[in-house]
Amino acid sequence: MCAQRVAIAGSTGSIGTQTLDVVRTEPGEYEIVALGVGSSIEALIAQANEFRPKLVVVADPTKRAAVAVALPFAEVVGDLAALVDDADVVVNGVVGFAGLAVTVATLRAGKRLALANKESLIAAGPVVQPLRSIAGAELVPVDSEHCAVHQCLRSSARPAAELSRIVLTASGGPFRGRTSAELANVGVEQALNHPTWKMGPKITIDSSTLMNKGLEVIEAHELFGTPYDQIDVVVHPQSVIHSMVEFTDGATIAQLSMPDMRLAIGYALAYPNRIGTPFGRIDWTTLARLDFEAPDVATFRCLALAYAAGRVGGSAPAWLSAANEEAVDAFLAGRIRWSQIAEICDAVLQQHHETTDITNMTVEDIVQADATARRIAHEELAR
Ligand code: MG
């Protein structure tokens, strides 16, 4: 059997480096044909020297020439969408809305998209959905919760008819159990201190506000076509149950493993098969307990904001995701307090209006919606 040809967008980030870990542990199964980054060229050059891709993408034009000199065996270009050309599967590990071009290019080319960049699906659902029916196009989630749901749904021969609800689990993040008053003055360091998952800064802040879970509710709706009334969130601090599905007969199927993104990445690469390396294997002699509680929606307002934006649909999720990216950037830069992330998102969503026909949205419409929401977010941030 030929090795599966893999391209990675965002190869030096958390998802990208862990994808290369999976490839390393499965010799002969995968060939890295392309690696793409924004501007982290030192790490990229080291990766390329190890995996020898034919194509390297560097989005930052000021860094491209240096990479071309360092990697004489690779073609060096600037457009992340070029990663798709020689790949069987494209891992989209780009952070934020910038991942949209990779999502669209992969599905348009009729390839498998291993999607870790949830923002592109959330913001551009009306544009991405039609692309999924292109021959060969396939969207396999890398987000651990959606990977779990994807696995659980395979237990039903008729999931569309038999699914009763999806239950997304949330670790609760570093601030679980705290009151709004206790959270008034939390700093960046504390918000970045996630109890169970080691991830990049943007998603870690999103976990601390529960915006990550809110975005995942929209992501589940887009991925599986499940109505919002049938998507629930439960806090499960151990992050061992990665999500569950309940069927019409009352049976609940859950996927369990220790928190390790390499399982979800390997699942998306190998589907419908499974890789041979047991990332996240459970030691049942030390796993003492699994706890559950309802999310504190009054303190963590972002979760309700996401449900609201999802239910509005159209460009509302794009507005929410864009406002959140701007607010998280401002928080990481020390310009706003943690509690203001939700306030900015709320203020932007309240000004949401639809400028195009949502049944015929284009990529340009989504880019425009994203830009409008960011402009309004900047106005709110300047207050
Ligand atoms: Mg997740």
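The values are calculated or read from the model by the stated rules, or taken from the named source; none is laboratory data. Quick caveat, the model's predicted, so the values are computed rather than measured. Glycine also receives a Cβ, built like all others from the backbone with ideal geometry; neighbour counts cover every protein chain displayed. Accessible surface areas use protein heavy atoms only, side chains included; no ligands, DNA or RNA. Shrake-Rupley method; radii C 1.70, N 1.55, O 1.52, S 1.80 Å.
Of all the residues that make up the stretch 332-356, how many are outside any helix (DSSP H, G or I) and hydroxyl-bearing (Ser, Thr, Tyr)? The total comes to 2. Among the candidates Ile122, Ile134, the residue that is assigned by TED's automatic domain parsing to the domain that holds Ile45 and outside any loop (DSSP other than H, G, I, E, B) is uniquely Ile122. Annotation note: of Ser180, Ser207, the sole residue that is of a type in the set (Ser, Thr, Tyr) and either in contact with a Cys (Cβ under 6 Å, 6 or more places away or on another chain) or within 11 Å of the ligand (Cβ to nearest atom) (or both) is Ser207.
Would you mind stating whether Gln350 is closer than 18 Å to Arg383 by Cα and open to solvent by 40 Å² or more (accessible area, probe 1.4 Å)? For Gln350, the condition - closer than 18 Å to Arg383 by Cα and open to solvent by 40 Å² or more (accessible area, probe 1.4 Å) - is met.
Please pick out the residue among Gly187, Gly200, Gly225 that is open to solvent by 20 Å² or more (accessible area, probe 1.4 Å), within 14 Å of the ligand (Cβ to nearest atom) and out of contact with any Pro (no Cβ under 9 Å at 6 or more places or on another chain). From the options Gly187, Gly200, Gly225, the qualifying one is Gly200.
When we screen Thr359, Thr299 for residues that are among the β-branched types (Val, Ile, Thr) and in a loop (DSSP other than H, G, I, E, B), the only hit is Thr299. Here is the figure for the stretch 330-373: residues that are in contact (Cβ under 8 Å) with a residue 40 or more places away in the chain and either assigned by TED's automatic domain parsing to the domain that holds Gln190 or under 27 Å from Asp296 (Cβ atoms) (or both) total 16. Only a single item in (1) closer than 19 Å to Gly266 by Cα; (2) open to solvent by less than 40 Å² (accessible area, probe 1.4 Å); (3) out of contact with any Phe, Trp or Tyr (no Cβ under 9 Å at 6 or more places or on another chain) is not met by Leu20, and it is number (3). Note on the stretch 112-137: residues that are more than 16 Å from the ligand (Cβ to nearest atom), crowded, with 23+ Cβ neighbours inside 10 Å and of a type in the set (S, T, N, Q) amount to 0.
Within the stretch 56-104, the set of residues being under 25 Å from the mean Cα position of the chain (by Cα), closer than 12 Å to Val37 by Cβ and not β-branched (Val, Ile, Thr) comprises Ala59, Asp60, Gly78, Leu80, Leu83, Gly93, Ala98.
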